[in-house]
Number of protein chains: 2
Amino acid sequence: MTEDRTKTGATGAEPERKGERTRRRIMEAARRKFAEVGYERATIRVIAAEAHVDKASVIQYFGTKQELFREAVSWHVPIEELTTPDPARTVDNYLRAMLSSWAADPDSPMAVLLRTSMTSEEAAELLRRHVTKETVERVAANVDAPDARLRAALSGAMMFGIATQRYLLRMPDLAEADLDDVLRLAAPLFRALIAPGSEPGSEPRTEPGAEPGSEPGTEPRSDPGTGS
Amino acid sequence: MTEDRTKTGATGAEPERKGERTRRRIMEAARRKFAEVGYERATIRVIAAEAHVDKASVIQYFGTKQELFREAVSWHVPIEELTTPDPARTVDNYLRAMLSSWAADPDSPMAVLLRTSMTSEEAAELLRRHVTKETVERVAANVDAPDARLRAALSGAMMFGIATQRYLLRMPDLAEADLDDVLRLAAPLFRALIAPGSEPGSEPRTEPGAEPGSEPGTEPRSDPGTGS
DNA sequence: CGTAGAACTAAACAGGCGTTGATTTTTCTC
DNA sequence: GAGAAAAATCAACGCCTGTTTAGTTCTACG
C-alpha cells in the first residue's frame, strides 16, 4: 500500500491525508483531557468538543474509548541516556528527566498515565510494567549495593511523589518552589540511595567513604546545571 | 452481635437507634469502595450493594453523593505525637505513622483522600489544605534549616510516593518488600532532609545544641508559634 | 465533467447514573 | 392489641454515557 496520492505531484512525499491531521488533533485533545480530569470525566463528547470534532469521529478513528486511552498512554521512553556507568550521573539524569521534562509538557503520556493509574486498573498495570522494565531494572543494574532493586523502586516512588504533588496535585509549598531548589534538596537524597559511597554518612552499611563535613542538602548551590 | 434493646423511658440520651448502625455500615462501605475504585466508579448503587442496603437509603442518610464523599474523607489526624522537639524523632514518628498505620488500614480516610485526589478537584483541595496544615507546617516548625517548609513538603511528597506505590498502586518491588527494609533504607534520607546535622548510625544523639559547623545565621529552635 | 471513496455528522439506541416521591415494612410507645 | 414514628424499599424521572447506523459532505482523479 503505497500512498503517494499527491495532487501536488512534483515534490511528492507529502501525503498526510486530511484524516491524519484530525486523528492527531483528537489524540492531543484526549491526552489533554485525560491528564486534566482523569479517565471517567474525560468523556468522548468532551474530547470531541476539545478537538472540534463530532463525537462519532472519535469512535470512527479509535474504535473505542479504551483503545483511545490505551494509545494515549502508550509511550516509549525518551530518556536514552538514563543510565550511565557512573551511578551518580544516573541520578542526575533520572531526576532531571522526570522532573524537568514534565514541567515542559504536563500533558505528556506520562502525566496521563500517572493521573489515571490511581483509578484505572488498566492504567495501573501499564504503569507497573513500564516503570519496572524501563526504570527500576535499568537503574538497579547500575546500583552497586544490596537491595538494588528495592533502592531503584524506592527512588522511583519518591520521584513519583514529588512530581505528582508538584505538577498534578499542585501542593502549594512544592508547586511554588523553584525547580532548582527542589533539585538541590532532593538530588543528594537520591544519590545516597542509588549511588551509595559517593555521599558520606547516609548509608549504614557502606564502605567508609570517610568524607566528613558536607551534609546532604545543605551544601551551597553548586552545579547549577539547569540547561534551560 | 450486640443486641442493645435499651428503651429509655424517662431521662437520658438516645440509645443508638437502629439507623445509626445502618449509617455506619454505609459509611464503611463507601470508604472501602472510594478507596478501591475512586470517586466515579464507586457508584451509589455499588456502595449500597456493598452495605446490603437499598440505593435510596444511601441518599436518605447522606443527602447526596458529594456529601457522602466529603464525610468519607473528613478526618482528624490521629498522630498527636507527630512532632517532637527532636527532629530526628519526628522523622521516625512521621514515617512510621504514615507507612505503618496505612498498612494496617488501607481503607482509611487518608487512603480514600489520596486515591481520589488525583481525579477530584474537591479531594485535591482537601488534601492540599489538610497536608499543609497538619503536616507541612507542623514538621517545618521543627526543622532547623533554611527552606524549612520546602523540606517538609518534599518529605511529605516522598512519603506520599512511597505509600501510594506500595499500598495503592502495588508496584511489585515495593509492595513485596518488607516494611522494615523500606524503613531502613528510607529513614536516613528523611533524616538528612528534615533533621540535617544529625549523624545516622554513628551515635545516638544525646542533646541537640553543640554541633560543629551548623547553620550560620539561623536561630536554632525557631518559634513554635504555629501551634494550636 | 462524474463518480468513487474518504471524511464527517445528525439522530438515535440501550444502559447506567444520581436523585426523588410515594409506599411499605419495621420499631417503639401507649 | 392500636397508632405513631422511624427505617427501608419500590418504581420511576431526567440526564448523560459509549456506541451504532444511516446519511451527507468533501476530495481526488478518470
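Rule-based calculations on the coordinates, nothing more; no lab input. Remember, predicted model here, so these are calculated numbers, not experimental data. Virtual Cβ from ideal backbone geometry, glycine too; neighbours counted across all protein chains shown.
Side notes on the structure shown:
- Applied to segment A:140-148, the Karplus parametrisation 6.51 cos²θ - 1.76 cosθ + 1.60 on θ = phi - 60° returns per-residue 3J(HN,Hα) values of 4, 4, 9, 8, 9, 6, x, 6, 4 Hz, with x for Gly and Pro.
- Taking a ≥ b ≥ c as the square roots of the eigenvalues of the Cα gyration tensor, segment B:122-192 is classed as oblate, since a/c reaches at least 1.5 and a/b does not exceed b/c.
- Whether segment A:46-174 is rounded, prolate or oblate, judged on the alpha carbon gyration tensor where a/c under 1.5 counts as rounded: prolate
- Across segment A:17-26, computed HN-Hα scalar couplings (Karplus, 6.51 cos²θ - 1.76 cosθ + 1.60, θ = phi - 60°) run 3, 4, x, 4, 4, 4, 4, 5, 5, 4 Hz from first to last residue, x flagging Gly and Pro.
- Other-chain or far-sequence residues with amide H under 5 Å of A:Asp86's (modelled H): none
- Copy-to-copy label distances for A:Thr84, where each label lies 7 Å from Cα along Cα-to-Cβ, are 4.1 nm in order of increasing length.
- Peptide B:164-171 has a mean of 6 when you count, residue by residue, the C-beta atoms of other protein chains within 10 Å of its C-beta.
- Modelled FRET efficiency - R0 51 Å, A:Asp86 with B:Glu28, Cβ distances, 0.05 increments: 0.50
- Among A:Arg41, B:Arg23, a tally of other beta-carbon atoms within 10 Å of each Cβ gives an order, fewest to most, of A:Arg41, B:Arg23.
- Per-residue Karplus couplings for segment A:31-37, computed as 6.51 cos²θ - 1.76 cosθ + 1.60 with θ equal to phi - 60°, are listed in order as 4, 4, 6, 4, 5, 7, 10 Hz, Gly and Pro entered as x.
- Counting other Cβ atoms within 10 Å as a rough exposure proxy, the listed residues B:Trp75, A:Trp102 run B:Trp75, A:Trp102 from fewest neighbours to most.
- Net charge dipole size for segment B:145-191 [Lys, Arg +1 and Asp, Glu -1 on Cβ; Debye, nearest 20]: 280
- Nearby lysines by direct alpha-carbon distance to B:Lys133 (threshold 30 angstrom, same-chain neighbours under 8 apart not counted): B:Lys33, B:Lys65
- Neighbour counting of Cβ atoms within 10 Å sorts the residues A:Asp86, A:Asp173, fewest neighbours leading, into A:Asp86, A:Asp173.
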